[in-house]
Amino acid sequence: MTRERTGRIIGASFGLAFIQVNAGALPVAAGTALRVLAVAAFVALLITLRRAPAPRPEAAPAVHFGRRYRYVVAAEAVVGVAGIVVINNVLHTPRATVGWIALVVGVHFFGLAVVWRMPALHLLGAGLSGCGAAGLALAAAGAPQAAVAAVAGVLPGALLLGSAWWKVRGDAEPRRAATPSSGAAVS
């Protein structure tokens, strides 16, 4: 398995976890349906990645799980845990925890975008960070736990799963050759 595929599976795993943990705050029918759909999407992704041909070396992104990656993840863990401690023990607003986690996970994608030289991760980071910030705002405003869980838990999970699938879709698209009149390069 390539490093890039491993990265996709890691992201999709966290997306699955976000949905599984937070769908429980929703009405039973909706929560159950979302959990089943998330598992189905994750399993289908694993099967698709297993069956897909290996990407061409020139098309593979620079995914490295080296020292710089570990720094980003370590910073994410330290900031995440510190924030959870403050949220629970100082602010006494445990419903804000999921928003904080989504915000920190989103910000960590900005670091990964730089480390891996993958600017598209900035978009994912912005989406997750926005969901986290919205979840924090909802928790601070006293919104129901279901609203916080949906915005800061289920939606980020869907974004993570969807981003893994988006890349699979992009890999499956045929490469178009440049036409002499267009001056376009091979994509």
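The values are calculated or read from the model by the stated rules, or taken from the named source; none is laboratory data. A quick note: this is a predicted structure, and the numbers were derived from the prediction, not measured. All Cβ positions, even for glycine, are placed from backbone atoms using ideal geometry, and neighbour counts span all protein chains on display. Heavy atoms of the whole protein, side chains included, go into the accessibility calculation; ligands, DNA and RNA do not. Shrake-Rupley method; radii C 1.70, N 1.55, O 1.52, S 1.80 Å.
Points worth noting:
- Taken together, the criteria exclude residue 158 from residues that are over 15 Å from the mean Cα position of the chain (by Cα) and under 29 Å from residue 69 (Cβ atoms).
- Qualifying residue in segment 63-78 (condition: open to solvent by less than 80 Å² (accessible area, probe 1.4 Å), in contact with a helix residue (DSSP H, G or I) (Cβ under 6 Å, 6 or more places away or on another chain) and closer than 23 Å to residue 134 by Cβ): yes
- Matching residues, segment 26-40, being surrounded by 19 or more Cβ atoms within 10 Å (Cβ to Cβ) and either part of a helix (DSSP H, G or I) or of a type in the set (Asp, Glu) (or both): 31, 34, 35, 38
- For segment 109-137, a tally of residues being within 22 Å of residue 97 (Cα to Cα) and surrounded by fewer than 22 Cβ atoms within 10 Å (Cβ to Cβ) returns 10.
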